[in-house]
1. Please name all residue pairs, on different chains or six or more residues apart, with Cβ atoms under 9 Å, provided the first residue is in the range 141-155 and is without any contact (Cβ under 8 Å) to a residue 24 or more places away in the chain and the second residue is part of a helix (DSSP H, G or I).
2. State whether one or more residues within the range 37-48 are open to solvent by less than 50 Å² (accessible area, probe 1.4 Å), touching a residue at least 12 places away in the same chain (Cβ under 8 Å) and more than 15 Å from ligand 2 (Cβ to nearest atom).
3. Take the residues in the range 52-88 that are among the aliphatic types (A, V, I, L, M) and touching a residue at least 24 places away in the same chain (Cβ under 8 Å), then tell me which one is farthest from ligand 2 (Cβ to nearest atom).
4. Looking at the range 187-205 only, could you name the residues that are under 17 Å from residue 156 (Cα atoms) and small (Gly, Ala, Ser)?
5. Right, residue 82: away from ligand 1 (no atom under 16 Å from the Cβ), farther than 22 Å from residue 173 by Cα and either under 19 Å from the mean Cα position of the chain (by Cα) or assigned by TED's automatic domain parsing to the domain that holds residue 176 (or both) or not?
6. Specify the residue that is farthest from residue 198 (Cα to Cα); the eligible residues are those in the range 52-72 that are surrounded by 21 or more Cβ atoms within 10 Å (Cβ to Cβ) and among the aliphatic types (A, V, I, L, M).
Amino acid sequence: MVLKAEGISKEFNRLKVIDDFDFTIESNEIVTLVGKSGTGKTTLMRLLNGLEKADKGTISIDGHYLCRATPDGKTEYVSKQERKKYSNQIGMVFQDYQLFPNLTVVENCIEAPVSQKLLTKSEAYQKAEELLSQMGLSAKRDVYPRTLSGGQQQRAAIARAMMLNPKILCFDEPTSALDAETSNEVGKMIQKIAASGTGILIVTHDTEFAKVFGTRVVSSDIFSGHNEKE
Ligand SMILES: Nc1ncnc2c1ncn2[C@@H]1O[C@H](COP(=O)(O)OP(=O)(O)OP(=O)(O)O)[C@@H](O)[C@H]1O
Ligand SMILES: [Mg+2]
């Protein structure tokens, strides 16, 4: 088991979005998350990435904890240092990619690992070049993100997210801005990443994409009141 979330709850202004939900992602697995608008798909992904705080529950990746359930039915987040270890296990590709506009493609890739001193500059460049080549973006290494097409920005964002070899990689609506052919290419790229041992979570409205590329389809309609086991 790679990612494990147990008894997760989250409410916004007394609106229970996620209620006592259990969820796992194994390595090699591509979990596609589908469901009606407003049912908490993005919220779940943000909770797993530590961008939003859960009210209750335990979240861990391979024994690295983000938060732990407490005896009084709440949750406690780990120290900053422990949290960094957790965060390095998980990556996220945002719907709008969120590339740094003032950095080139290769600089986007090396920024976090170098500034966090997780890789030396030369290690980071080497890794970035490998990933950009895998993504078919070697020729775009030194250009700024605004000059890339949507599909190219998506691939640059994937390369950036892969820099620290995360065990889990999350995608929020990866195909919403792409044509059918490019969506298919992105799906195949995600399959390759999963085959190399990374667990994948994809939030999507594209039910066809979810079925074709998901090894397991989960519906967010069960987030409040029920959990995955039921
Ligand atoms: N920061 C926030 N503050 C208040 N309410 C929020 C916040 N984030 C999400 N919500 C609410 O939580 C619910 C779930 O939102 P979320 O974005 O997770 O849904 P979603 O399943 O991703 O929807 P969509 O398919 O439209 O992207 C919604 O009712 C939303 O209004
Ligand atoms: Mg959403």
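1. 147/140; 149/182; 152/105; 152/140; 152/145
2. Checking the range 37-48: not a single residue is open to solvent by less than 50 Å² (accessible area, probe 1.4 Å), touching a residue at least 12 places away in the same chain (Cβ under 8 Å) and more than 15 Å from ligand 2 (Cβ to nearest atom).
3. Narrowing the range 52-88 to residues among the aliphatic types (A, V, I, L, M): 54, 59, 61, 66, 69, 78.
Now restrict to residues that are touching a residue at least 24 places away in the same chain (Cβ under 8 Å): 54, 59, 61, 69.
Values: 54: 17, 59: 19, 61: 22, 69: 26 Å.
Only one residue fits best here, namely 69.
4. Result: 187, single match.
5. Answer is yes for this residue.
6. The residue in question is 54.
Per-residue answers, yes or no, for (1) more than 16 Å from the chain's Cα centre (by Cα); (2) β-branched (Val, Ile, Thr); (3) at pLDDT 90 or above; (4) surrounded by fewer than 18 Cβ atoms within 10 Å (Cβ to Cβ):
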{"position": "146", "(1), (2), (3), (4)": "yes, no, yes, yes"}
{"position": "202", "(1), (2), (3), (4)": "no, yes, yes, no"}
{"position": "207", "(1), (2), (3), (4)": "yes, yes, yes, yes"}
{"position": "226", "(1), (2), (3), (4)": "yes, no, no, yes"}
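Each row is one residue, and each column tells you yes or no for (1) touching a residue at least 12 places away in the same chain (Cβ under 8 Å); (2) over 26 Å from residue 43 (Cβ atoms); (3) in contact with an Asp or Glu (Cβ under 9 Å, 6 or more places away or on another chain); (4) among the acidic types (Asp, Glu).
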{"site": "158", "(1), (2), (3), (4)": "yes, no, no, no"}
{"site": "161", "(1), (2), (3), (4)": "yes, no, no, no"}
{"site": "166", "(1), (2), (3), (4)": "yes, no, no, no"}
{"site": "170", "(1), (2), (3), (4)": "yes, no, no, no"}
{"site": "173", "(1), (2), (3), (4)": "yes, no, yes, yes"}
{"site": "177", "(1), (2), (3), (4)": "yes, no, yes, no"}
{"site": "186", "(1), (2), (3), (4)": "yes, no, no, no"}
{"site": "194", "(1), (2), (3), (4)": "yes, no, yes, no"}
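The values are calculated or read from the model by the stated rules, or taken from the named source; none is laboratory data. All values reported here derive from a predicted model rather than from experimental measurement. As a convention, Cβ positions derive from the backbone with ideal geometry for all residues, glycine included, and neighbour counts pool all protein chains shown. Keep in mind that these areas ignore ligands, DNA and RNA; they rest on the heavy atoms of the full protein, side chains included. Shrake-Rupley method; radii C 1.70, N 1.55, O 1.52, S 1.80 Å.
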